[in-house]
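This report concerns only the one structure given below.
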């Protein structure tokens, strides 16, 4: 989490400061569109192997036996995905470029720079989730959050001082995505876990077929993630152009900072879900489900309220055209808070024996995101994209939650969570009253609002121990700070 926050700080330096100084809004939109389409490529090309690693790797994890060649099996599936997606990307070049010709024509010029981003991203995903199964998270986070972003900072500096032009910047920025992959390959080799020889392959043909079938079936789950994370950006570029895309993607990045602690929790908890399934430990599964949701509620609501109560002040530092992003931030975060609160229900679902039923929820997710974007973006602009994404996430998670409860009689709720919600509502109302009846503004109001969040949300949660995990963590920090 600490490394992720350092990465977010670098990200804010890049996208919240340097991008706005060095690049035009249209150039920001172009760069972010290339990254979004590259991520789309990666999601297609991984062929569901992320879920296969979550589910099956605990059964084959054995360092003495080189994990039975599991990494090579997953890489072979990914290689097929990369080859197939590259061919389709080339074959349908004309059709894709035609979609963006009218409002985002610059995308056509840099069309093939999507490939290094996409191929590097899918390889990073493969190695990252494999390391997650080994409970080795820190280097993969460092490679992406700090290594890649430092590289972007350097390129922005070169562009600012006219040492390179924008064309060279875009090329180098696209190929910089190879850096995290190289770091993970070196790290895996150092751990003695980069086992890619067929001599290590001891997984039977029957199990290989089961893993391949599971990967392909869960491919639609990957497509669901694609639609939520990518389609809004691509459809904004199609309907509204690159400038609107630049505003939207910048706000998406700013909102992503609030999910950093949650992503750190998920990195650790997802492999535990597979271990609990392996040992049939349903009570431990339920406890993990509740703990993750409770922690996510606290670490999600607290920074959200701190930002939202000061949203006008914070957006005042951005260019005037970014003001429409205020409502984008709100609606995006509402959907993401629900997604965070329901915690590991997705991991529980897709690694269970009933994983095939998830296809219905994913089909609903894909259809709803696409149709709502077609309706809301022309009507409400970029806030419409945020609304459609949030609606889809909320209904998707509620459906999954109900299914897991019916199938396995587990849910993430506790009475203390209701108390956290109550304190959060009280904090919000007090913050609104402060804005309404106090004439001050600027930094003074910013500090006062942070004090409201601290005294009426954070301190009550810790004082009444409404989340035992957070309270225990704070106790450990206090113990470490005490003199011996």
So the compactness index of region 45-182, its C-alpha Rg divided by 2.2 N^0.38 Å, takes the value 1.26
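Need the full-extension length gain, residue 415 to residue 436, defined as separation in residues times 0.36 nm minus the C-alpha distance. One decimal, nm.
4.3 nm
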Euclidean distance between Cα centres, region 319-345 to region 107-146, Å:
24 Å
Could you state the number of Å between the C-alpha centres of region 286-311 and region 416-469?
13 Å
With just the Cα atoms of region 222-410, tell me how far they stretch along each of the three principal axes, in Å, largest first.
55, 33, 21
Mind putting together the pair-distance distribution for region 200-305? All Cα pairs, 5 Å bins, whole percent per bin, short to long.
2, 9, 11, 13, 16, 16, 13, 9, 6, 4, 1
Whole-Å distance linking the alpha carbon centroid of region 348-363 with that of region 197-266 is 16 Å
Cβ-derived FRET efficiency at R0 41 Å, residue 213 paired with residue 108, nearest 0.05
0.60
For residue 364 and residue 454, what does the FRET efficiency come to when R0 = 35 Å and r is the distance between their Cβ atoms, rounded to the nearest 0.05?
0.30
Plugging the Cβ-Cβ distance of residue 182 and residue 150 into 1/(1 + (r/R0)^6) at R0 = 25 Å yields, to the nearest 0.05, a FRET efficiency of 0.95
Per the Kirkwood definition applied to all pairs of different Cα atoms, how many angstroms is the hydrodynamic radius of the chain?
23.8 Å
Subtract the Cα-Cα distance of residue 477 and residue 425 from 0.36 nm times their separation in residues, and report this length gain in nm to one decimal.
15.9 nm
With bins of 10 Å, the percent of all Cα-Cα pairs of region 337-436 per bin from 0 is 14, 32, 30, 21, 4, 0
What is the distance, in nm, between label points placed 7 Å from the Cα along the Cα-to-Cβ direction at residue 157 and at residue 278?
4.4 nm
Going from the fewest other Cβ atoms within 10 Å to the most, one would list 411, 276 as 411, 276
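A short reminder: the numbers here are calculations on the coordinates, not readings from a lab. A quick note: this is a predicted structure, and the numbers were derived from the prediction, not measured. Virtual Cβ from ideal backbone geometry, glycine too; neighbours counted across all protein chains shown.
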